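A.B. asks: Take a look at this one; I'll ask things after.
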Amino acid sequence: MHPDGHLVLRRIDRALRDRLRPAVVTDEVALAVASWQAPGRESTVAEALAGDFAPHAVGEPWGPPWATTWFRCEGLVPAAWAGGRVEARVDLGFDARRPGFQAEGLAYRLDGTPLKGVAPRNDHVPLAGVTAVDGAVAFLVEAAANPEILAVDPEAGEFGWHLPAPGLGDERTAGDEPRYRLGPVRLVLLDDDVAGLVGDVEALRELLSAVPEREPRYHEVLRGLEDAIDLLDRDGVSAAAVPARDLLAPLLAAPASASAHTLYAVGHAHLDSAWLWPLAETVRKAARTFANVTELAEAYPELVFAGSQAQHYAWVKEHHPAVYARVREAVARGQWSPVGGMWVEADANLPGGEAMARQFVCGQRFLREELGVESEIVWLPDSFGYAAALPQIAVLAGARWFLTQKLSWNDTNRFPHHTFWWEGIDGTRILTHFPPVDTYNAELTGAELAHVVDTFAEKGRATRSLAPFGYGNGGGGPTREMLERARRLADVDGLPRIAVASPERFFAEAEAEYPDAPVWRGELTLEAHRGTFTTQARTKAGNRTSEGLLREAELWAATAALTAGAPYPAEALDALWKEVLLLQFHDILPGSSISQVHREAVAAHARIAVDLEARIDAALAALAPAGGVVANAAGHDRREVVTAAAPPPGQGPTQRLSGGQVAFVAAAPGGGLGALEALPADGEVVVGERVLDNGLLRVELDDDGLIS
């Protein structure tokens with residue numbers, strides 16, 4: 001670029017940073033803040049309303065790691081602001097670079113109704129319902145002092161992580177030193193004209209990040225922005241806002257080319273059910289995220305949000321029914337798409353086939369019974385590879401389409417397709433899409449739009465892709481800034497078209513456009529995170545034990561119900577299955593979470609095993625009140641020598657072993673009950689030329705003297 005162009009770019013960026021964005025707020029007043037630290041992580045809004053609050057000044061520390069602090073915010077809207085757009089803004093001490101990985105809050109009305117979440121880059125609180133007739137404002141913020149487990153080195157990029165302090169991954173070792181200092185909490189009066197100009201300039205600045213410098217369009221936009229900044233310099237920001245917008249309007253009105261790629265922007269808030277925080281915190285992250293999205297959907301009717309894990313809906317329903325009611329309304333309006341069809345976004349390699357089927361059974365049942373839908377999209381953007389059995393299971397569960405972007409993390413081979421048919425081991429195919437934006441936390445920036453166009457593997461055969469946009473992991477999901485950008489860049493020369501739409505619309509149109517997409521057969525292997533197959537072996541062993549015991553418990557409980565009239569513990573077994581399915585989440589079972597998550601998972605599997613063993617014993621007692629039977633849960637017949645502490649009831653002589661144990665024969669058909677047989681006290685051993693046989697064990701030797 002000519003040096004003059006670089007100077008213009010720097011001038012535009014400086015104007016945005018130093019003049020335009022600050023001018024959106026035309027006046028502000030501080031709110032009075034008082035705080036109350038809850039005795040534990042979990043506390044109710046009713047407990048907070050009765051709490052002993054003390055004044056809390058800006059800059060004062062708060063928040064020992066993993067603790068909860070409630071802030072009461074109060075003030076008065078100035079009479080001179082009447083008729084203006086006013087909102088509250090709450091800074092809990094954020095580092096704006098890392099939404100979703102630090103402190104978060106949920107704002108409440110004083111009647112206990114949740115308003116919206118508060119997070120970096122999404123810190124505003126609407127005043128509807130918190131402002132009295134006389135202008136008095138009062139609301140609460142439940143603030144979670146989640147420590148930053150992995151800090152980012154700004155020079156190393158997104159994955160330049162380091163540990164800021166040891167021990168933060170477990171509440172028992174995290175200490176009690178406050179991690180945050182309260183930032184400004186204020187009421188602000190906004191200038192809508194300036195806000196609109198900021199949106200226009202930001203959108204066109206993103207266009208400059210996407211269009212090659214050699215293109216005439218690049219220089220047309222660059223000069224238009226330069227002219228707009230000249231107006232600001234001459235007339236001031238407020239006076240020049242409307243004329244500057246008029247000047248920029250033709251640049252935003254020039255339509256995209258007829259052959260432009262179409263990007264379907266789907267609202268999303270990727271939320272790990274556990275990772276750098278324990279499960280209990282995800283319950284609250286889900287509530288904040290759902291509150292954010294439902295509040296945003298009312299202002300932006302084009303927004304469609306994809307929420308992927310039935311467990312999160314169940315948590316919000318239990319803990320925040322008012323937010324859950326808003327979600328149901330958004331689903332009914334078509335602004336919320338329950339996707340995934342699974343209980344959680346599970347690991348797709350380690351669970352057994354029955355457990356993977358139950359992920360869909362439990363997930364689809366919840367969506368159907370609670371939200372009136374069943375998902376046709378398997379949504380697993382972040383799991384660590386995908387077994388070749390998954391297409392068959394997914395299609396049998398009612399799915400038509402599959403989405404992930406994880407294979408963009410491959411460290412050696414770039415996957416050759418973005419839209420293709422994935423064929424499983426039995427020949428079942430499912431239309432699959434890897435978003436070429438290469439992230440599940442898109443922001444719809446110019447760099448992302450350029451990346452999509454550059455990397456889309458299906459050029460010349462297909463013209464559309466999907467981009468999940470929004471801050472994840474508690475960052476609040478889509479923001480109004482992202483949606484304003486999408487509105488402005490929906491159909492603009494030099495960029496792909498942006499259609500804010502449902503994921504179902506994308507898949508239906510992609511399938512119609514490209515029905516003969518290429519076929520990939522077999523496993524989708526992730527060339528990264530290979531240690532997840534062996535890390536945290538106790539969790540993996542606990543999962544396998546739980547899967548086996550659940551099958552046994554269901555088998556014998558069903559048999560006892562059918563043949564002995566025993567009550568079938570359907571609700572209890574369903575709850576245990578869902579707990580095991582939750583622990584198969586793709587950062588729990590693979591072993592990639594903080595220490596507290598794995599400690600709690602090991603304890604949960606141990607408790608589940610005790611519960612299931614008791615249920616198995618109860619079912620077998622109902623089947624054979626007198627005892628003396630053997631139960632074979634395997635699918636094949638078995639006849640084996642086993643040991644016990646006492647002879648079987650009514651049996652004759654048996655072999656006594658060291659330690660007081662007794663040996664006897666257990667025989668039963670596959671999936672059935674059988675008898676216990678006593679061993680002869682003195683068994684006869686038959687010796688042949690190549691045979692040893694005592695009636696229970698027969699050993700034959702081949703010509704080489706090897707056991708055959």
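A.B. asks: Against the condition farther than 22 Å from residue 86 by Cα, outside any loop (DSSP other than H, G, I, E, B) and either open to solvent by less than 10 Å² (accessible area, probe 1.4 Å) or in contact (Cβ under 8 Å) with a residue 40 or more places away in the chain (or both), how does residue 217 come out, does it pass?
C.D. replies: yes
A.B. asks: Counting only residues that are charged (D, E, K, R) and in a strand (DSSP E or B), which one in the range 471-530 is nearest to residue 291 (Cα to Cα)?
C.D. replies: Across the range 471-530, the extreme among qualifying residues is 497.
A.B. asks: Let me ask something else. Can you pull out every residue in the range 531-569 that is assigned to a loop (DSSP other than H, G, I, E, B) and within 28 Å of the chain's Cα centre (by Cα)? Full working, then the answer.
C.D. replies: The initial filter retains those residues of the range 531-569 that are assigned to a loop (DSSP other than H, G, I, E, B), namely 534-536, 565-569.
Within the range 531-569, 534, 535, 536 qualify.
A.B. asks: Find the residue count for the range 403-414, including only residues that are in contact with a strand residue (DSSP E or B) (Cβ under 8 Å, 6 or more places away or on another chain) and either over 29 Å from residue 265 (Cβ atoms) or modelled with pLDDT of 95 or more (or both).
C.D. replies: 2
A.B. asks: Restricting attention to the range 218-242, which residues are under 15 Å from residue 14 (Cβ atoms) and of a type in the set (Gly, Ala, Ser)?
C.D. replies: Once the filter is applied, which keeps residues that are under 15 Å from residue 14 (Cβ atoms) and of a type in the set (Gly, Ala, Ser), the range 218-242 yields only 228.
A.B. asks: Then there is this: Only strands (runs of 3 or more DSSP E) wholly contained in the range 320-423 count here; list those with 3 or more residues that are under 18 Å from the mean Cα position of the chain (by Cα) and surrounded by 16 or more Cβ atoms within 10 Å (Cβ to Cβ).
C.D. replies: 336-342, 377-379
Let's see how each residue does on (1) modelled with pLDDT under 85; (2) closer than 28 Å to residue 550 by Cβ; (3) of a type in the set (A, V, I, L, M, F, W, C):
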residue: 615; (1), (2), (3): no, yes, no
residue: 623; (1), (2), (3): no, yes, yes
residue: 637; (1), (2), (3): no, yes, no
residue: 651; (1), (2), (3): yes, no, no
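One line per residue, one yes/no per condition, for (1) out of contact with any Asp or Glu (no Cβ under 8 Å at 6 or more places or on another chain); (2) of a type outside the set (Phe, Trp, Tyr):
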site	(1), (2)
496	yes, yes
506	yes, no
520	no, no
532	no, yes
539	yes, yes
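A.B. asks: Would it be correct to say that residue 461 is open to solvent by 50 Å² or more (accessible area, probe 1.4 Å) and modelled with pLDDT of 95 or more?
C.D. replies: Criteria met by residue 461.
A.B. asks: Is it the case, given these coordinates, that residue 47 is of a type in the set (Asp, Glu) and modelled with pLDDT of 95 or more?
C.D. replies: Taking the combined requirement at face value, the residue does not satisfy it.
A.B. asks: Moving to a separate point now. Do we have any residue at all in the range 164-171 that's surrounded by fewer than 19 Cβ atoms within 10 Å (Cβ to Cβ) and of a type in the set (A, V, I, L, M, F, W, C)?
C.D. replies: There is at least one residue in the range 164-171 that is surrounded by fewer than 19 Cβ atoms within 10 Å (Cβ to Cβ) and of a type in the set (A, V, I, L, M, F, W, C).
A.B. asks: Kindly list, by first and then second residue, each pair from a residue in the range 684-702 that is under 19 Å from residue 641 (Cβ atoms) to a residue that is in a loop (DSSP other than H, G, I, E, B) and of a type in the set (A, V, I, L, M, F, W, C), limited to pairs with Cβ atoms under 6 Å and residues at least 6 apart or on different chains.
C.D. replies: Qualifying pairs under 6 Å: 694/685.
A.B. asks: In the range 281-319, what count of residues is obtained for those that are basic (Lys, Arg) and open to solvent by less than 10 Å² (accessible area, probe 1.4 Å)?
C.D. replies: 2
A.B. asks: Just to verify a result, which residue in the range 595-618, among those that are touching a Pro at 6+ places or on another chain (Cβ under 9 Å) and open to solvent by less than 10 Å² (accessible area, probe 1.4 Å), is farthest from residue 170 (Cα to Cα)?
C.D. replies: 597
A.B. asks: Restricting to the range 602-617, what's the tally of residues that are without any contact (Cβ under 8 Å) to a residue 40 or more places away in the chain and within 21 Å of residue 676 (Cα to Cα)?
C.D. replies: Adding up the residues that qualify gives 1.
A.B. asks: Here is a check on your reading of the model: is residue 455 surrounded by fewer than 19 Cβ atoms within 10 Å (Cβ to Cβ), closer than 18 Å to residue 419 by Cβ and touching a Ser or Thr at 6+ places or on another chain (Cβ under 8 Å)?
C.D. replies: It is false that residue 455 is surrounded by fewer than 19 Cβ atoms within 10 Å (Cβ to Cβ), closer than 18 Å to residue 419 by Cβ and touching a Ser or Thr at 6+ places or on another chain (Cβ under 8 Å).
A.B. asks: Let me confirm something: among 442, 447, which residue is over 30 Å from residue 354 (Cβ atoms), aliphatic (A, V, I, L, M) and open to solvent by less than 50 Å² (accessible area, probe 1.4 Å)?
C.D. replies: 442
A.B. asks: If residue 258 satisfies all but one of (1) open to solvent by less than 50 Å² (accessible area, probe 1.4 Å); (2) outside any helix (DSSP H, G or I); (3) not acidic (Asp, Glu), what's the number of the condition it fails?
C.D. replies: Unmet for residue 258, out of (1) open to solvent by less than 50 Å² (accessible area, probe 1.4 Å); (2) outside any helix (DSSP H, G or I); (3) not acidic (Asp, Glu): (1).
A.B. asks: On to the next question. For residue 461, state whether it is in a loop (DSSP other than H, G, I, E, B) and touching a residue at least 24 places away in the same chain (Cβ under 8 Å).
C.D. replies: Details: in a loop (DSSP other than H, G, I, E, B): yes; touching a residue at least 24 places away in the same chain (Cβ under 8 Å): yes.
When the stated conditions are applied, residue 461 passes them.
A.B. asks: Could you list all residues from the range 232-247 that are surrounded by fewer than 21 Cβ atoms within 10 Å (Cβ to Cβ) and either among the polar types (S, T, N, Q) or assigned to a helix (DSSP H, G or I) (or both)? So that I can check it myself, show each step before the final result.
C.D. replies: Quick first cut of the range 232-247, residues surrounded by fewer than 21 Cβ atoms within 10 Å (Cβ to Cβ) only: 233-236, 238-239, 242-243, 245-247.
Of everything in the range 232-247, those that are surrounded by fewer than 21 Cβ atoms within 10 Å (Cβ to Cβ) and either among the polar types (S, T, N, Q) or assigned to a helix (DSSP H, G or I) (or both) turn out to be 233, 234, 235, 238, 239, 242, 243, 245, 246, 247.
The values are calculated or read from the model by the stated rules, or taken from the named source; none is laboratory data. Keep in mind it's a predicted model, so treat the numbers as computed, not measured. Note: ideal-geometry Cβ built from the backbone for every residue, glycine included; neighbour counts use all protein chains shown. All accessible areas refer to the heavy atoms of the entire protein, side chains included, with ligands and DNA or RNA removed. Shrake-Rupley method; radii C 1.70, N 1.55, O 1.52, S 1.80 Å.
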